[in-house]
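Note sheet for the following structure.
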Amino acid sequence: MSSMNAALLRDLYFGMLRIRIIEERIADLYYEQEMRCPVHLCIGQEAVSVGVCENLSVDDYVMSGHRSHGHYLAKGGDLPAMMAEMYGKVTGCCQGKGGSMHLLDRSVGFLGATAIVGSTIPMSVGAARASVMRGEERAVVSFFGEAACEEGVFHESLNFAALERLPVVFVCENNLYSVYSPLGVRQPEGQSVIDLAQGHGIESHEADGNDVVEVYNLSRRLIKEARGGGGPRFVEFKTYRWREHCGPAYDNEIGYRTEVEFQQWKARCPIERLETRLLEEGTLSPPDIKRMRSQVGEEIENAVAYAKQSSFPDESNLMEDVYAP
Amino acid sequence: MSSMNAALLRDLYFGMLRIRIIEERIADLYYEQEMRCPVHLCIGQEAVSVGVCENLSVDDYVMSGHRSHGHYLAKGGDLPAMMAEMYGKVTGCCQGKGGSMHLLDRSVGFLGATAIVGSTIPMSVGAARASVMRGEERAVVSFFGEAACEEGVFHESLNFAALERLPVVFVCENNLYSVYSPLGVRQPEGQSVIDLAQGHGIESHEADGNDVVEVYNLSRRLIKEARGGGGPRFVEFKTYRWREHCGPAYDNEIGYRTEVEFQQWKARCPIERLETRLLEEGTLSPPDIKRMRSQVGEEIENAVAYAKQSSFPDESNLMEDVYAP
Amino acid sequence: MPDREITFAQAVREATDLCMAEDPTVYLMGLGVPDPKGVFGTTVGLQEKYGPDRVFDVPTSENAMTGVAVGSALVGMRPILVHQRLDFALLSMEQIVNQAANWHYMFGGRGGNLPLVIRLVVGRGWGQGPQHSQSLQAWFAHVPGLKVVMPTVPYDAKGLLIASIQDNNPVIFIEHRWLHNVKGHVPEGVYSVPLGAARVVREGSDVTIASSSYMTLEALQAAEVMSEDGIEAEVLDIRTLRPLDQEAILDSVGKTGRLIVADTGWKSFGIGAEVVAFTAERAFAKLKHPPHRIGLPDCPSPSTPAIANRFYPRAAEIASAGRAMFGLSPTGIVEEPSVPEDIPDPSFAGPF
Amino acid sequence: MPDREITFAQAVREATDLCMAEDPTVYLMGLGVPDPKGVFGTTVGLQEKYGPDRVFDVPTSENAMTGVAVGSALVGMRPILVHQRLDFALLSMEQIVNQAANWHYMFGGRGGNLPLVIRLVVGRGWGQGPQHSQSLQAWFAHVPGLKVVMPTVPYDAKGLLIASIQDNNPVIFIEHRWLHNVKGHVPEGVYSVPLGAARVVREGSDVTIASSSYMTLEALQAAEVMSEDGIEAEVLDIRTLRPLDQEAILDSVGKTGRLIVADTGWKSFGIGAEVVAFTAERAFAKLKHPPHRIGLPDCPSPSTPAIANRFYPRAAEIASAGRAMFGLSPTGIVEEPSVPEDIPDPSFAGPF
Ligand SMILES: Cc1ncc(C[n+]2csc(CCOP(=O)(O)OP(=O)(O)O)c2C)c(N)n1
Ligand SMILES: Cc1ncc(C[n+]2csc(CCOP(=O)(O)OP(=O)(O)O)c2C)c(N)n1
Ligand SMILES: [Mg+2]
Ligand SMILES: [Mg+2]
């Protein structure tokens, strides 16, 4: 970590800042009721997306679930296409047919995110097996939340990945909640999801998901090992979502979690933590940050403008693309 | 084990011998092609059924899968009704509608066996939860083969049982094969199913499934602990099926396993092992064994006769019992 | 209080509440059941009232949780299992169909009763998209051993849910998301509406519209439009898809000689196919005009409102079909919706 | 070798073999695929030929293995996934329907092709019972995004499987267990039968029998029986349920004016419902007689042969339905089966 070079640290910082600003902008704009689809923001969890994806090349594959904005962006997904998708426009990454829960950008190896908890996990394993069959050196990262570990398909997928020693890195973002349900009503006390993965014989780790440097370093090793034929790896990052499960608002007042808990996690903001350090070390200066902010600000405003100005798909589009030709 | 009393040892011996003789008789009769349904014999695996069920009272529940004859019989299921079921007769335990893969005898707490791998596991958990809700002290035993541990529903069920600390004892009979598929093509090398269960935070054990005394003693403790509110327990018994996966024949010649392997396991016959010991100790005499054999012989012949003489269900039965009244 | 009006969601909650109060074996489980939103308001406050043993959240394990419900039902409990979207229940088709539906039959009637209610919510609008809005009632209706209920009005929601909970078989109870906020007359106290009986919601002599769930509201609107040109539609709310009240539909067609079926699911191989088929088989001579089905076209549900609005047939399409049976041109004159077309009413403001 | 006769199972194996030889992206997976029995002979020897990377056994994890197939298809492979019984695939409905069927559409056509063949075997006979013989093609046919194929003769089994493997979409390929040993003429080499085209297997002028899979064999037998009384049935093998060849059926009905649909699944909400419904909608005036569906009655499949034999409709029932359309009494004169009614032929001696 101390040996990490400044450029990389700045990249990590910028990556997180960018996602944060974009997500916050989406939250603000959401109230206009022009983005008419469910959105699951990842504010507070940016370090995982950025720390992991920084280690991936464009050839590596990523799949994700309902909370995929950060993964999509960190993997290099096209921002205007994402914004247009949320506005239901024909220029969206899915021509408006998917909405926020169905992002993809194949040009950067983001193979798809879908809206059913856990369902892209086996697909990630399948994409990895395909790569192995073809002799390609490629890592596949499967992102999911801790609730996905309650789905049987999670286990089935891990078993098969372990059986065939496939180059998949399973990345669990444990943010303590599934919608409004705390861990305690879903998983036995004292159990950890890495025990589950280890049960399948998969080397597993647990780490601070709000420390981007830790995320980066750990996932760097795991991705390398997996890509190099070492078999699958599993990592659980502890983190926290700041806003409501689905939608733009804060919702600590409705009673499923406490304001205190939220504030504790907010104090561990992944972006601020790195910012403080980089400012102290002089790797970053306040003007740098300002520049970064305005760069992203411009990028997102352009993307929003693009999205808003784009056309809706034509009604004739309804029956198109049901089948591939 | 040394403190085990003679009557109990004789019971265990008799229980296994009985199942063996019944299963062998089924195998012989199967060639007549009058039992027209798939049968999965448990010859070689009798110690698990008997050693576990000897610890259960009639109030405890048992559920099972496709290979359930031994469990049904050891739990006290009605033999003539089982035989009649295999002959497709109206006097069968399911009026002939289920066949060998769907046995039940609710009067002794055998809640049902069904033909889809793993599917009664969550039901066992549900039955246990119902008992807890009602404040009943009851243990539920869920029997399944090692292939069921590859099904997601196995994990989902264990998670919930652990979460709610339910009185279920999960009993896995690991006979190394699923149909013709060896463990190696299904589960990662070096992994053990007890690691999986332990991952869910469930106290888990592994034992020799061909040693009925070991099965008895271990399951006695686990059942007691579960029934007493200690939460679920998991146990894997290593054992071996002697005959083909489905049907009456030996099939070592077709190539999925070796005659040598089979002979090694045959040498560990659970019944012979106990018999040798009991004869040595004088707990059992050759005339005792002869008496037992003839007793079971008579019982099974009566059951077969009953089954053969019973009527088939009337055609009008076809549309009955689709719905409960 | 004969004129008490409550919403469909409140009616569902009330039915659950009453059954739980009456029968200690009834219990309620599902993702989000005790959370602040309480499954669109249908389960709010019930955990406080009945405790966490009888009203509880569950892990995201649809398949096992269905098995848990089945196992408890086999030993005398009456579980109600809720899924916030029907689509999630696809993970549990094995338990529902191979196990629950077959149970009573495959054990020759000796397997014990299997009183189980599975509540499934069909999503629509606000960009729910392809994986949060599938309306697969035709699947469940195809399976002997299941009962399938799909109410429209709050009165029926309550009465049919009570009947479903009291039934000794697995019942699939399907709630359309756009009905939850609809209000209607609902008596207090326990009453039940029998499974297997359709209901005439509007009498008419010229054409029968057999519809289910939300489409019944569109059908009623269509009937008003058609009436302006003197075509009187009889609107029949099918209410339960299995058992299906063939007689009620045949009676109505016997009177009108014309049949339109409007369902919330895909048209092909859907509910309408069965209704048209048995009518053609059993009342062919009564039909004065080819029957007509209204359902979703053969594509997934798109997220963007721009084309989702075209995906979902509305009253105008039903009315036009009815008018065509009398040689009249399609209508455009259905009242313009006062809210955007991708939401049912102004109270629905996303995001879920 | 124009007259080479091979079995349906051999035809399936040959199609797989040829596609694997031609295209290195084709691979084959499923429980028991490389085992000595090779899924009723349909996969025998392929692992030896193509190696364990391309032909392999899998854990008993139907849902994930479907996802694995989907994931590999998304990046350019052409998986064939086999289930020895359709019933087992119920564990994977989430992947098949929510994911695979929706994929191409929900990503606006940019999600990549999803060439995937899922082979499902419908069991019958020898006491398979309620959980090993469900014939749920109507479910799959209901879902846009899927293609559904159900061949009868070996020629079509091969040609349709090749077309399915070459198709860029998820295809559900349903094999009836009683067809595997049936022989028929099959050319060597690669050929394909287009998805979406029915086939006239017997010409006739008096009544159309549209049938699928094994029921086509019963329909042909029924046609012979009816012919003895001068009723000439046209037998149409539907072959693919989605896309469904409506035109071929309407053409035939246009000629005969009478329609019987015979399918291997449950009658209610089944394949016949759709066929009758679109025919009633589109060719009402051509129908001289009410259409008639033949399918399974509303109960699970019982294990005991004593009543299973009554559960499955056979040629006599079809012939009787045809005769009734001409005012003739039911027939009993279908040739007595030469083997017990719970097996397809003497080679089938249990236990699976
Ligand atoms: C199979 C399934 N069940 C339920 C849902 C409803 N659902 C949507 S998101 C979500 C929460 C999942 O929690 P987690 O995996 O921890 O991810 P997080 O939202 O916390 O990022 C749930 C239950 C779903 N989409 N799919
Ligand atoms: C879900 C499902 N998949 C596949 C099958 C086919 N099948 C029947 S028995 C069996 C073997 C299961 O092996 P195991 O659980 O180890 O039990 P064993 O037969 O060895 O006793 C399989 C795969 C099935 N019945 N259900
Ligand atoms: Mg979470
Ligand atoms: Mg086994």
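Can you tell me how many residues in the range B:129-146 are within 20 Å of B:ASN55 (Cα to Cα), more than 16 Å from ligand 4 (Cβ to nearest atom) and at the interface with chain C (Cβ under 10 Å from one of its Cβ atoms)?
Of the residues in the range B:129-146, 5 are within 20 Å of B:ASN55 (Cα to Cα), more than 16 Å from ligand 4 (Cβ to nearest atom) and at the interface with chain C (Cβ under 10 Å from one of its Cβ atoms).
Taking the residues in the range A:251-273 that are under 13 Å from A:TYR180 (Cα atoms) and without any contact (Cβ under 8 Å) to a residue 12 or more places away in the chain as candidates, determine which candidate is farthest from ligand 1 (Cβ to nearest atom).
Among residues in the range A:251-273 that are under 13 Å from A:TYR180 (Cα atoms) and without any contact (Cβ under 8 Å) to a residue 12 or more places away in the chain, the one farthest from ligand 1 (Cβ to nearest atom) is A:GLU253.
Which ranges mark the helices (runs of 4 or more DSSP H) fully within the range D:102-178 that have 2 or more residues being more than 7 Å from every other protein chain (Cβ to nearest Cβ)?
Output list reads D:137-141, D:154-166.
List the helices (runs of 4 or more DSSP H) inside the range B:24-128, counting only whole elements, that have at least 1 residues being within 13 Å of chain C (Cβ to nearest Cβ).
B:69-74, B:79-86
Name the residues in the range A:2-26 that are within 21 Å of A:SER310 (Cβ to Cβ) and hydrophobic (A, V, I, L, M, F, W, C), would you?
A:ILE22, A:ILE26 - these are the residues of the range A:2-26 that are within 21 Å of A:SER310 (Cβ to Cβ) and hydrophobic (A, V, I, L, M, F, W, C).
Checking the conditions here, which among A:VAL169, A:VAL185, A:VAL212, A:VAL179 is under 20 Å from C:PHE56 (Cα atoms) and away from ligand 3 (no atom under 11 Å from the Cβ)?
None of the others qualify; the one that does is A:VAL185.
For the range A:280-302, indicate whether the set of residues that are within 14 Å of another protein chain (Cβ to nearest Cβ), assigned to a helix (DSSP H, G or I) and under 16 Å from A:GLU85 (Cβ atoms) is non-empty.
no
Give the residues of the range C:291-335 that are over 20 Å from the mean Cα position of the chain (by Cα), assigned to a loop (DSSP other than H, G, I, E, B) and surrounded by fewer than 19 Cβ atoms within 10 Å (Cβ to Cβ), sorted by residue number.
Across the range C:291-335, the qualifying residues are C:ASP298, C:PHE326, C:GLY327, C:LEU328, C:SER329, C:PRO330, C:GLY332, C:ILE333, C:VAL334, C:GLU335.
Considering every residue within the range A:68-91, establish whether at least one is basic (Lys, Arg) and more than 21 Å from A:PHE237 (Cβ to Cβ).
yes
So if I check each of D:GLU247, D:GLU232, which one is under 24 Å from the mean Cα position of the chain (by Cα) and not hydrophobic (A, V, I, L, M, F, W, C)?
D:GLU247
Quick one: count up the residues across the range C:262-282 that are more than 7 Å from chain D (Cβ to nearest Cβ) and either surrounded by fewer than 20 Cβ atoms within 10 Å (Cβ to Cβ) or in a helix (DSSP H, G or I) (or both).
Adding up the residues that qualify gives 5.
Find all pairs meeting these conditions: Cβ atoms under 6 angstrom apart; at least six residues apart or on different chains; first residue within the range B:173-187 and more than 7 Å from chain D (Cβ to nearest Cβ) and under 16 Å from B:GLY44 (Cα atoms); second residue part of a strand (DSSP E or B) and more than 6 Å from ligand 2 (Cβ to nearest atom).
These pairs meet every condition: B:GLU173/B:PHE237; B:ASN174/B:GLU236; B:ASN174/B:LYS238.
In this structure, does B:HIS200 turn out to be within 16 Å of ligand 1 (Cβ to nearest atom) and either closer than 23 Å to C:PRO79 by Cβ or within 14 Å of chain A (Cβ to nearest Cβ) (or both)?
no
So for the range A:180-199 (the condition being closer than 22 Å to C:LEU91 by Cα, among the hydrophobic types (A, V, I, L, M, F, W, C) and in contact with a Ser or Thr (Cβ under 7 Å, 6 or more places away or on another chain)), does at least one residue qualify?
Yes, the range A:180-199 contains at least one residue that is closer than 22 Å to C:LEU91 by Cα, among the hydrophobic types (A, V, I, L, M, F, W, C) and in contact with a Ser or Thr (Cβ under 7 Å, 6 or more places away or on another chain).
From B:VAL117, B:VAL90, grab the single residue that is β-branched (Val, Ile, Thr), away from ligand 3 (no atom under 16 Å from the Cβ) and under 16 Å from the mean Cα position of the chain (by Cα).
Only one candidate qualifies: B:VAL117.
When both residues are 6+ apart or on different chains and their Cβ atoms are under 6 Å apart, which pairs have a first residue that lies in the range A:140-165 and is more than 14 Å from ligand 1 (Cβ to nearest atom), and a second that is among the basic types (Lys, Arg)?
No pair meets every condition.
Applying the selection to the range B:175-206, what residues are surrounded by fewer than 22 Cβ atoms within 10 Å (Cβ to Cβ) and within 16 Å of ligand 4 (Cβ to nearest atom)?
Result: B:LEU176, B:TYR177, B:VAL179, B:TYR180, B:PRO182, B:LEU183, B:GLY184, B:VAL185, B:GLN191, B:SER192, B:ILE194, B:GLU206.
Against the condition away from ligand 1 (no atom under 16 Å from the Cβ) and either buried (at least 24 other Cβ atoms within 10 Å of the Cβ) or of a type in the set (A, V, I, L, M, F, W, C) (or both), how does C:LEU146 come out, does it pass?
yes
Considering each of B:GLN191, B:GLN198 in turn, give the residue that is under 28 Å from A:ARG165 (Cα atoms) and either part of a helix (DSSP H, G or I) or within 16 Å of ligand 3 (Cβ to nearest atom) (or both).
B:GLN198
For every residue, the table says whether it meets (1) touching a residue at least 40 places away in the same chain (Cβ under 8 Å); (2) more than 7 Å from every other protein chain (Cβ to nearest Cβ).
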position: D:GLU22; (1), (2): yes, yes
position: D:GLY41; (1), (2): yes, yes
position: D:GLY45; (1), (2): no, yes
position: D:ASP57; (1), (2): no, no
position: D:ALA69; (1), (2): yes, no
position: D:VAL97; (1), (2): yes, no
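Which of the numbered conditions does B:SER204 fail, given that it passes all the others? Conditions: (1) closer than 14 Å to B:VAL52 by Cα; (2) part of a strand (DSSP E or B).
(1)
Can you name every residue in the range B:121-161 that is surrounded by fewer than 24 Cβ atoms within 10 Å (Cβ to Cβ) and of a type in the set (A, V, I, L, M)?
If the condition is that a residue be surrounded by fewer than 24 Cβ atoms within 10 Å (Cβ to Cβ) and of a type in the set (A, V, I, L, M), then B:VAL132, B:MET133 are the ones that fit.
Read-outs throughout are calculated quantities, based only on the coordinates presented, and are distinct from any laboratory measurement. As the structure is a computational prediction, the values presented were derived from the model and not from experiment. With ideal geometry, Cβ positions are generated from the backbone for all residues, glycine too; neighbour counts draw on all protein chains shown.
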